[in-house]
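Heads up: the structure comes next, in structure tokens.
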Amino acid sequence: MNRTLLIVAIGSACLTVTHAGLGQITESNKMVSDWKSVLAERMPEYGHRNWIVIADSAYPAQTRAGIETIVTHENQLTVVKTVLEQLGQAKHVRPVVYLDKELGYVSDSDAAGIEAYRKDLTKLLANHNPASLPHEQTIAKLDKTGESFKVLVLKTNLTLPYTSVFFELDCGYWSHAAEARIREAIKAARK
């Protein structure tokens, strides 16, 4: 009887480990069946200073508690499009888009398909004026952000280097110009 229970327990543990390895783990170690549902759930919660990252398959799992990684098993451009659609429906936030600076220097001879990817990504981001930062600088920004704010990393099945797309969320109903005016008014009131 004890031997049977031991075999069942070991088999159950192996099944759990195998399932967890194939599934998608969040920071709370709960299984996530659908990354789109998680994204839809996070959107009302997220505000300015939160980030959403659509990453290639080699993107590292970061250890900051505020950084949640979900493996989507999806095409990267599909995930970028879905995130843009969700952000387009949100009234409270708007994306500031960053790309790896290195992406512009990767050649098709070193990474077959990179030119087609860049062309398709440029079309998707046409209305967002993405900025380019060195990859290590962006990773450092995410690490720092994860100390105080949540970051959602949606890891895709893309196997091309320097292709992560970073969305820093900004306030959707308050502009930089309005913020500058209020700071000037506060400064003038102190005089």
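Derivation of every value follows stated rules applied to the coordinates shown; laboratory data play no part. Predicted model only: the values in this text are computed from it and were never measured. Cβ coordinates were reconstructed from backbone atoms using ideal geometry, including for glycine residues, and neighbour counts include every protein chain displayed.
In whole angstrom, the range 85-191 maps to an equivalent ellipsoid with semi-axes of 33, 16, 14, each derived as √(5λ) from the alpha carbon gyration tensor and ordered largest first. Model label sites at Tyr173 and Ala90, defined 7 Å from Cα along the beta-carbon direction, differ in position by 1.5 nm.
The gain in end-to-end length when the Ala180 to Lys141 segment is fully stretched comes to 11.7 nm, 0.36 nm per residue minus the alpha carbon separation. A DSSP coil position with no more than 11 other Cβ atoms inside 10 Å describes the following chymotrypsin sites (Phe, Trp or Tyr not before Pro) in the range 120-191: Tyr173. Close amide H pairs (under 5 Å, H built 1.01 Å from N) link Val71 with Ile25, Lys155, residues at least 5 positions away or on another chain.
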